[in-house]
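*Asks:* Here's a structure for you.
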Amino acid sequence: MKALTGFWTLVWREIYRFLSVISQTVIPPLVSSFLFILIFGCSLGSQIQQVKGVSYLEFLIPGLVMMHVIEGSYTNTSSSLFISRWANYIEELLVTPLSYFEMVLAILLGGLVRSAVTAAGVYAVSLFFVRFPVVHPVAVLFFLVLVSLIFSAAGMVVALFAEEWEHLTIATTFVITPLVFLGGVFHSSDMVPPALRAFTVWNPMFYMINGMRYSMLGTSDVPAGLCAGIVLVIFFALFAYTVYLFRTGFKLRK
């Protein structure tokens, strides 16, 4: 257990970092989720009969949960690692007895905890509007953990390549947010034109959102097994690449 002291210290540092600014990290997603549910779910959603056999309000909740899981995990690790590079204290971490695998895993777990706290908060907000039984709770945990780790790893990769603060937001503005919105947070693939539907099947966010939707509601646009398989492949590829970048010292040592 003593051998893991350094590892858990780094994990707790990552958790403390986002909890110390909870008004900037956890509260904003809850406020925006409240507004999305109120405007899209209750107001506009009341004009839609049903989507995939459930009310539009119920259909909306898993997408919102997954959207904030993605954004929270990416933001947490990208900002943490870039700050440590910018302030040069990443070099203090590199001389510790921690292996590169432990360093990467500890930072990823910080992103996982933040996204899990946010997801629980978004679900709690949704209970003020609609209540439904979660159909597959184990599958919810599976997609929550894997997707959190995927975007935590993506955040670390972007933070290693970034030279300026603006580079972190470029990925959010031009890649993550468009793909999340087009991935089906607010709509089913049956509701979009065929041309957009053909694009959607190449969007990895589509399978993450539908995996969470199947887990919570028991319905989705694509088989849950396909969603799980794609999520697993992306996770192992990104995790291995992140460890490789740390092992080679890519932009970590001057």
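*Asks:* Sort out which residues of the range 204-233 are of a type in the set (A, V, I, L, M, F, W, C) and open to solvent by 60 Å² or more (accessible area, probe 1.4 Å), and write them in order of number. Don't jump to the end; show me each part of the working.
*Replies:* Going through the range 204-233, the residues of a type in the set (A, V, I, L, M, F, W, C) turn out to be 205-206, 208-209, 212, 216-217, 222, 224, 226-228, 230-233.
Result: L226, L232, V233.
*Asks:* Are there any pairs, at least 6 apart or on different chains, whose C-beta atoms fall under 9 Å, with the first in the range 141-167 and at negative phi and the second part of a loop (DSSP other than H, G, I, E, B) and among the aromatic types (F, W, Y), and if so, which?
*Replies:* L160/F250; F161/F250
*Asks:* May I pose another question? Take the residues of the range 131-141 that are surrounded by fewer than 19 Cβ atoms within 10 Å (Cβ to Cβ) and not aromatic (F, W, Y): which is nearest to the chain's Cα centre (by Cα)?
*Replies:* L141
*Asks:* Report, ordered by the first and then the second residue, all pairs with beta carbons closer than 8 Å, sequence separation of six or more or different chains, a first member in the range 30-55 that is under 16 Å from S189 (Cα atoms), and a second member that is assigned to a helix (DSSP H, G or I) and among the hydroxyl-bearing types (S, T, Y).
*Replies:* Short answer, once both residue conditions are applied: I48/Y56; Q50/Y56.
Listed here are the residues, each with its yes/no results for (1) surrounded by fewer than 22 Cβ atoms within 10 Å (Cβ to Cβ); (2) in contact with a helix residue (DSSP H, G or I) (Cβ under 7 Å, 6 or more places away or on another chain); (3) under 28 Å from L35 (Cβ atoms).
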site: F143; (1), (2), (3): no, yes, yes
site: L160; (1), (2), (3): yes, yes, no
site: G184; (1), (2), (3): no, yes, yes
site: S189; (1), (2), (3): yes, yes, yes
site: W202; (1), (2), (3): yes, no, no
site: F235; (1), (2), (3): yes, yes, no
site: L238; (1), (2), (3): yes, yes, no
site: T242; (1), (2), (3): no, yes, no
site: K251; (1), (2), (3): yes, yes, no
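*Asks:* For S126, state whether it is of a type outside the set (A, V, I, L, M, F, W, C), within 18 Å of P28 (Cα to Cα) and touching a helix residue (DSSP H, G or I) at 6+ places or on another chain (Cβ under 8 Å).
*Replies:* So S126 fits the description; yes.
*Asks:* Restricting to the range 16-64, count the residues that are aliphatic (A, V, I, L, M) and closer than 18 Å to G110 by Cα.
*Replies:* The number of residues fulfilling the criteria is 5.
*Asks:* Additional query: Is it true that I83 is of a type in the set (V, I, T), modelled with pLDDT under 95 and more than 24 Å from V140 (Cα to Cα)?
*Replies:* Yes.
*Asks:* With respect to T172, is the statement that it is outside any helix (DSSP H, G or I) and either at pLDDT 90 or above or open to solvent by less than 20 Å² (accessible area, probe 1.4 Å) (or both) true?
*Replies:* no
The values are calculated or read from the model by the stated rules, or taken from the named source; none is laboratory data. Since this is a predicted model, take the numbers as computed values, not measurements. Positions of Cβ are generated from backbone atoms using ideal geometry, with glycine treated the same way; all protein chains shown enter the neighbour counts. Note: accessible area is taken over every heavy atom of the protein model, side chains too, but ligands, DNA and RNA are not part of it. Shrake-Rupley method; radii C 1.70, N 1.55, O 1.52, S 1.80 Å.
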